[in-house]
Amino acid sequence: MAAQALVWLSAASAFVLCVLTVLPLIRTGHWIARCCDFPRLQILALCLVPLSFVVLSAMLATWEAYHTSILCALTLIAAWQAWRILHYTRVWPSDVPTKVPSSHSLDVMIVNLDYENDKKAEVLSTLHESKADVLLLIEIDDKWNNGLDVLRKTYPFEHGVVRDDGLGILILSQHKFAEAEVCHLVDDQRASIRCIINPGSQPVELYALHPRPPGLKAQDRDGRYNSRERDAELVLVAKHVRDADPMHRMVLGDLNDVAWSHTTRLFQRLSGMKDPRIGRAYLSTFHAEYPLLRYPLDHIFVSDELGVSKLKRIKVPGSDHFGVFATILIPNGNSPDSNDENATESDLQEAEDIVDAAFEKDPTD
């Protein structure tokens, strides 16, 4: 009786894990499917639960064909999840070099402050001690903005927008902006920043983003937001990079998406941008307070000719996100000759469909 119960438990658990694995493969913006993109590592670890049930059942009785079926299903689930995660470990070749000949460096740090965070003095101390050349501050409201004077002595140049409810975004820089603008690519409430700085012999364009997360409860209607606005914002930035003149570029921010999702990989194929985490580190940044529910949501992508010599998480007191610190290596001399995108005709058509859907559909559909 106990053996049979364990078989049913293992089958039910394997079925749930199978559903969580298959849902992200469906090309839909529904928040449930898109949120299932996130827990790759967690699903892989949870495969141990039905596996233990199968082993215990076989020990209590005899090994049967259904044990083999469940084991095969678990093996496929685990292999699929591991394949996605494997890219972000040291066993995989790195996409971004750690050394670039004849280069100078730019230290960049992303920090989601968390607008409800009450440890402002400790956070400001952490930011000051980072000695980054450029700070991207996300979820900056009036209370945070009013306390930044201690940083403005070190960072005299700034651009962005200050808003309540986690919608503010601001870049502080030690380098003067050659260009700077606040953009609203999809949503009037969700701002992004495009700026150009000149830290050396060649300009560098930065795109800073904080798109709406899928699954966020809608404030003005019933339901939760789908991922269409987030996806469209990433696609629009990718298309800008693809169509613009060649230049050293970075795209960074809290993208509310994981590195291995279909949308993020589409963004990379469209833009030609590289992910320095590949071949290095998983670098999960959210949620800082729950180690078992932690995903890599904060990103830095760089154009093909750039290098990254340092990439690490920074503990941000009181925030639900870790910060990300990176030392970007910028080659001296001429800008790159071209954007090395790898998009197919199917990718280009999908990108158009994603943008059309974001402007035509109810964001909670």
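Across region 163-177, what is the total count of residues that are farther than 16 Å from Ile197 by Cβ, without any contact (Cβ under 8 Å) to a residue 60 or more places away in the chain and either touching a strand residue (DSSP E or B) at 6+ places or on another chain (Cβ under 7 Å) or not assigned by TED's automatic domain parsing to the domain that holds Asn256 (or both)? If you could, list the steps in order and put the result at the bottom.
Residues of region 163-177 farther than 16 Å from Ile197 by Cβ: 163-169.
Among the residues that remain, those that are also without any contact (Cβ under 8 Å) to a residue 60 or more places away in the chain are: 163-168.
Narrowing the set further to residues that are either touching a strand residue (DSSP E or B) at 6+ places or on another chain (Cβ under 7 Å) or not assigned by TED's automatic domain parsing to the domain that holds Asn256 (or both) leaves 168.
Total meeting the criteria: 1.
With respect to Ala14, is the statement that it is modelled with pLDDT of 90 or more and among the hydrophobic types (A, V, I, L, M, F, W, C) true?
Judged against the criteria, Ala14 is a match.
Just give me the residues in region 200-209 being at pLDDT below 90 and either buried (at least 16 other Cβ atoms within 10 Å of the Cβ) or part of a strand (DSSP E or B) (or both), in sequence order.
Gly200, Gln202
Which of the residues belonging to region 70-87 are free of Cβ contacts under 8 Å to residues at least 60 places away in the same chain and within 21 Å of Ser284 (Cα to Cα)?
Ala78, Ala79, Trp80, Ala82, Trp83, Leu86
Which members of region 230-254 meet the condition of being under 19 Å from Ala357 (Cα atoms) and either in contact with a strand residue (DSSP E or B) (Cβ under 7 Å, 6 or more places away or on another chain) or surrounded by fewer than 23 Cβ atoms within 10 Å (Cβ to Cβ) (or both)?
Within region 230-254, Glu233, Leu236, Val237, Lys239, His240 meet the criteria.
Suppose we filter Glu129, Glu139 for residues that are among the acidic types (Asp, Glu) and buried (at least 16 other Cβ atoms within 10 Å of the Cβ); which single one remains?
Only one candidate qualifies: Glu139.
So if I check each of Arg212, Arg194, which one is assigned to a loop (DSSP other than H, G, I, E, B), touching an Asp or Glu at 6+ places or on another chain (Cβ under 7 Å) and surrounded by 16 or more Cβ atoms within 10 Å (Cβ to Cβ)?
Arg212
Among the listed residues Leu86, Leu76, which satisfies the condition of being hydrophobic (A, V, I, L, M, F, W, C), within 17 Å of the chain's Cα centre (by Cα) and surrounded by fewer than 18 Cβ atoms within 10 Å (Cβ to Cβ)?
Leu86
Applying the selection to region 219-260, what residues are assigned to a loop (DSSP other than H, G, I, E, B) and touching a Phe, Trp or Tyr at 6+ places or on another chain (Cβ under 6 Å)? Give the steps one after another, and end with the answer.
Of the residues in region 219-260, the ones assigned to a loop (DSSP other than H, G, I, E, B) are 219-223, 225-227, 244-247, 255-260.
Matches in region 219-260: Asn226, Val258.
Residues being closer than 16 Å to Ala79 by Cα and either out of contact with any Ser or Thr (no Cβ under 9 Å at 6 or more places or on another chain) or in the same structural domain as Asp231 (by TED's automatic domain parsing) (or both): count how many of those fall in region 24-39.
2
The values are calculated or read from the model by the stated rules, or taken from the named source; none is laboratory data. The structure presented is a predicted model; accordingly, all values stated were derived computationally and were not measured. No Cβ is skipped: glycine too gets one built from the backbone with ideal geometry, and neighbour counts run over all protein chains shown.
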